[in-house]
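All remarks here apply to the structure that follows.
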Amino acid sequence: MKKAYGILALAALLCGAFVLPGGALATEYREEMNIAITANPPSLEPHSVNSNIVGAIGSHIYEPLFAMNARHEPTAVLAESYDVSADGKVYTIKLRRGVKFHNGQEMKAADVTASMVHWLGASGKAKALLGDTVFTADGDYTVTMTMPEAYGDALSVLAAPVQFAAVYPRALAEEAAAGKGLSACVGTGPYRLKEWKQDQYVLLERYDGYRQPAVESSGFAGRKGALTERLCFRVVVDPATRVAGLQTGQFDVVEDFPADRYAELAGDTTLKLRAKTSGTLNMFLNTTKGIMANRKMRQAILAAMNCSDVMLASYGEPDLYILDPGWCNPDDALWGSDAGREYYNQNNPEKAKKLLAEAGYENEKIVLVTTADYAEMYNATLAVHDQLRKAGINAEVQSYDFATFMERRSDPDKFSLFITSNGYNMTPVQLAVLMKNWAGLDVPEVPGGIAAIRRAASPEEASKAWAELQRFLYEYGAAIVFGHYSDVFGESARTEGVDLQRFALYWNARVTK
């Protein structure tokens with residue numbers, strides 16, 4: 001009898017479970033989850049960096065007043081409730097009480113207002129959409145947000161998951177706002193920073209003082225269980241190494257799973273591969289410096305583009321992308337639009353050469369900056385380089401690590417064009433292409449178009465205004481959508497509870513032993 005019990009216990013142990021009194025099995029879970037990511041985050045300061053990897057890790061450390069739920073609705077997180085004035089310009093926001101930062105200090109209204117001042121100055125999106133907004137504290141637990149106009153999308157801007165409006169302790173926020181940077185990563189989230197070894201890993205540990213919201217988990221809002229004690233985001237640039245590590249158990253999760261391995265491994269029962277249409281692959285052109293400031297030059301580049309070949313080079317598997325010129329999800333009844341389609345996927349080198357001649361192009365070097373840390377961006381850049389060369393353009397690829405790439409793409413003196421993949425936004429006015437600090441686009445049609453969308457008297461009018469702005473982006477040659485991609489996400493079959501939103505969320509995830 002003892003021998004039989006021993007065999008049962010061993011079998012249960014091998015299955016990641018142990019035997020409870022009475023013979024029931026209970027699952028055992030590991031204390032650490034290893035997540036392979038493709039690039040070293042350039043910062044862990046979400047206010048200032050427009051990057052998914054910063055938002056993804058930062059969402060586990062910091063929290064905002066409002067965040068996007070699973071239905072893409074702005075939902076209270078650090079806020080408890082809010083009221084809106086009759087003219088729509090003033091929001092009175094009540095804060096949750098008893099929420100503590102990782103340093104043990106209670107979050108109060110002064111922390112929120114200092115953080116929002118820094119966010120409005122550091123985030124290009126915040127500056128463009130809420131730049132003249134004033135936040136004031138009324139006691140310890142009430143914040144007033146006063147806007148110059150009644151922006152109906154104000155909460156959506158506050159709830160955006162990238163460059164999000166994280167709340168820091170007042171002293172840190174004021175220090176950052178003074179230009180000294182964020183000297184410590186202190187938030188109110190379910191995890192706190194344990195250790196960050198540049199180019200190796202970011203280790204988060206459960207924050208035992210975390211105070212749970214009293215609502216069910218939904219997207220970026222609601223209950224955050226911190227079910228795994230430690231989350232280790234390991235920087236693994238090489239995609240083959242990421243896949244091999246998932247297969248051998250070195251990694252529990254692989255973000256940016258290489259699309260060209262999807263079909264091969266989709267049937268592997270030891271893995272879970274998930275694909276989700278998530279955003280657009282885009283090319284941004286320098287509109288301000290040198291020969292690229294010439295509109296006909298940019299139109300020549302658009303004329304040369306074969307979007308089908310670019311998407312195939314980037315994602316490898318036709319089932320993982322669709323061709324469509326819209327900047328928003330084509331299935332979005334309000335914002336999906338094909339305006340500007342005549343400038344999309346032209347694949348016309350002869351037209352390009354004619355426009356180059358009209359632009360007065362004299363073989364000036366066109367610099368394509370990129371990073372091999374993101375395979376889809378790098379492969380797309382190589383495909384575009386080939387197409388430009390065939391059109392008679394003296395194109396050169398310059399590849400950097402991700403952090404350096406982010407620096408160079410923000411300086412119009414250092415690029416002619418660059419390519420990034422960008423997740424869907426809640427509204428088109430939050431698109432990076434419309435922000436001056438993203439690729440330098442600075443023309444009155446953009447703020448005018450944004451204002452027309454935000455002031456529209458009806459959804460139909462707002463939709464029409466967005467279509468007009470999208471058409472302008474193509475006509476002006478500011479940028480192009482190559483297509484809409486599906487993110488592929490790889491997990492061990494032993495993981496549970498990983499939530500895919502704009503990026504993966506791990507606070508309710510765990511992995512069996």
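The values are calculated or read from the model by the stated rules, or taken from the named source; none is laboratory data. The structure presented is a predicted model; accordingly, all values stated were derived computationally and were not measured. Please note: Cβ atoms are built from the backbone with ideal geometry, for glycine as well, and neighbour counts cover all protein chains shown. These accessible areas exclude ligands, DNA and RNA; they are computed on the full protein's heavy atoms, side chains included. Shrake-Rupley method; radii C 1.70, N 1.55, O 1.52, S 1.80 Å.
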Once each part is reduced to its C-alpha centroid, what is the distance from the range 131-192 to the range 247-272 in angstrom? 38
If unit charges are put on Cβ atoms (+1 for Lys and Arg, -1 for Asp and Glu) and the dipole of the chain is taken about its Cα centre, the option from Tyr374, Phe135, Leu95 lying farthest towards the positive end turns out to be Leu95
Determine the calculated [θ] at 222 nm for the chain from helices alone, applying -39500 (n - 2.57) to every DSSP H run no shorter than 4 residues and normalising by the residue count; nearest 500 deg cm²/dmol. -9000 deg cm²/dmol
Equivalent ellipsoid, the range 210-294 (semi-axes from 5 times Cα gyration tensor eigenvalues, Å): 33, 25, 14
If each residue of separation counts as 0.36 nm, what is the full-extension length gain between Glu358 and Ala457 once their alpha-carbon separation is subtracted? 31.5 nm
Under the Kirkwood approximation applied to all pairs of distinct alpha-carbon atoms, what is the hydrodynamic radius of the chain in Å? 24.3
How big is D for the range 385-513, in µm² s⁻¹ as a whole number, if Stokes-Einstein is applied with the Kirkwood radius of its Cα pairs at 20 °C and 1.002 mPa s? 118
Averaged per residue, the 1.4 Å probe accessible area of the range 266-319, protein heavy atoms only, in Å², is roughly 37
May I ask for the Rg/Rh ratio of the range 42-155, computed from Cα atoms with Rh as the Kirkwood radius, given to two decimals? 0.94
Relative contact order for the range 65-139: what percent, with Cα pairs under 8 Å and sequence separation of 6 or more? 16
Give me the extension gain from Glu32 to Val117: residue separation times 0.36 nm, minus the current Cα-Cα distance, reported in nm with one decimal. 27.0 nm
Per-selection Kirkwood Rh - the range 406-471 (Cα, Å, 1 d.p.): 13.1
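Give me the percent of accessible area attributable to carbon and sulfur for the chain, probe 1.4 angstrom.
Roughly 49 percent of what the probe reaches on the chain is carbon or sulfur.
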What would the Debye formula give as log10 I(q)/I(0) at q = 0.17, 0.28 Å⁻¹ for the alpha-carbon point model of the range 342-420, no solvent? -0.71, -1.29
Rank by packing, highest mean first: peptides 271-278, 107-114, 68-75, with packing defined as the count of other Cβ atoms within 10 Å averaged across residues. 107-114, 68-75, 271-278
Rh by Kirkwood over Cα pairs, then Stokes-Einstein D for the range 239-391 at 1.002 mPa s and 20 °C, µm²/s: 121
Taking every pair of alpha-carbon atoms in the range 97-143, what share in percent sits in each 10 Å bin, from 0 to the bin with the longest distance? 27, 43, 27, 3
In Å, what Kirkwood hydrodynamic radius results for the range 129-257 from the alpha-carbon pair distances? 18.2
What is the sum of charges around Glu80, taking Lys and Arg as +1, Asp and Glu as -1, for the other residues whose C-beta is under 10 Å from the C-beta of Glu80? +3
Which whole-number percent gives the relative contact order of the chain, counting Cα pairs below 8 Å spaced six or more residues apart? 20
Cross-link table Lys289/Lys351; Lys365/Lys436; Lys197/Lys365; Lys436/Lys464; Lys289/Lys390, entries beyond 26 Å C-alpha to C-alpha: Lys197/Lys365
How compact is the range 152-224 by the rule of thumb for globular proteins, expressed as Cα Rg over 2.2 N^0.38 Å? 1.30
Roughly how big is the range 191-246's charge dipole about its Cα centre, with Cβ charges of +1 (Lys, Arg) and -1 (Asp, Glu), in debye to the nearest 20? 120
Mean separation of Cα contacts under 8 Å (at least 6 apart) over the residue count of the range 300-343, i.e. the relative contact order in percent, is 29
Reach of Lys194 by Cα under 25 Å, taken over lysines that are not fewer than 8 positions away in the same chain: Lys100, Lys108, Lys180, Lys224, Lys513
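Between the DSSP loop rule and a limit of at most 10 other Cβ atoms within 10 Å, which GluC sites (Glu not before Pro) in the range 133-238 are left? Walk me through the numbers before you get to the answer.
Details: sites: Glu149, Glu174, Glu175, Glu195, Glu205, Glu216, Glu229; in loops: Glu149, Glu216, Glu229.
Hits after loop and neighbour filter: Glu216.
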As I understand it, the dipole of the range 43-98 uses +1 on the Cβ of Lys and Arg and -1 on the Cβ of Asp and Glu, about the Cα centre. Which of Leu78, Asn52, Tyr62 lies farthest toward its positive end? Leu78
Distribution output for the range 271-357: share of Cα-Cα pairs per 5 Å bin in percent, first bin at 0, values 3, 12, 18, 21, 19, 13, 8, 4, 2, 1, 0
